[in-house]
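Data block below; observations after.
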Amino acid sequence: MATIITEECINCGACEPECPNTAIYEGGVQWEGNDGALHDALSEDLYYIVPEKCTECVGFFDQEQCAAVCPVDCCIPDPDIPETEEVLLERVKVLHPDAEIPDPPPSRFRT
Ligand code: SF4
Ligand code: SF4
């Protein structure tokens with residue numbers, strides 16, 4: 001599942017630079033698709049995660065980096081969007097076609 005940011009977010013900004021997929025944006029800021037197109041913000045007042053860009057850090061880290069740095073533990077798995085490691089790994093390859101992903105990949109599913 002993609003990670004989500006809950007209403008407990010205090011807008012500290014610590015998570016945004018940690019995301020390997022630039023999936024995190026400040027509230028009110030448009031998000032950029034892989035094709036460079038801009039899209040309306042998913043939240044106007046809190047940091048948010050774009051589900052299409054979140055891989056739960058699969059391919060890069062063995063833990064969600066946003067959750068690791070969040071001081072109020074408000075980055076959590078979205079129970080409404082369950083996704084397998086395989087699906088998330090395919091997303092990594094689409095988002096980073098030139099990246100060399102280790103096999104097996106770093107993954108929260110393997111810890
Ligand atoms: Fe980015 Fe990883 Fe957080 Fe998803 S879980 S938003 S990929 S840092
Ligand atoms: Fe919000 Fe947590 Fe990100 Fe800070 S680290 S902006 S509190 S989600």
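Read the figures in this text as sums done on the coordinates, not as results from a lab. Owing to the predicted nature of the structure, the values given are computational and were not obtained by experimental measurement. Every residue, glycine as well, gets a Cβ built from its backbone with ideal geometry; the counts of neighbours run over all protein chains shown.
Some points to look at:
- Dipole of the stretch 3-110, positive direction: furthest Cα of TYR25, ALA99, CYS9, with charges on the beta-carbon: ALA99
- Long-range amide H partners of ILE4 with built H, under 5 Å: ILE76, ASP78
- The residues neighbouring GLU32, those whose beta-carbon lies less than 15 Å from its own, together hold a net charge of -4 under the Lys/Arg +1, Asp/Glu -1 convention.
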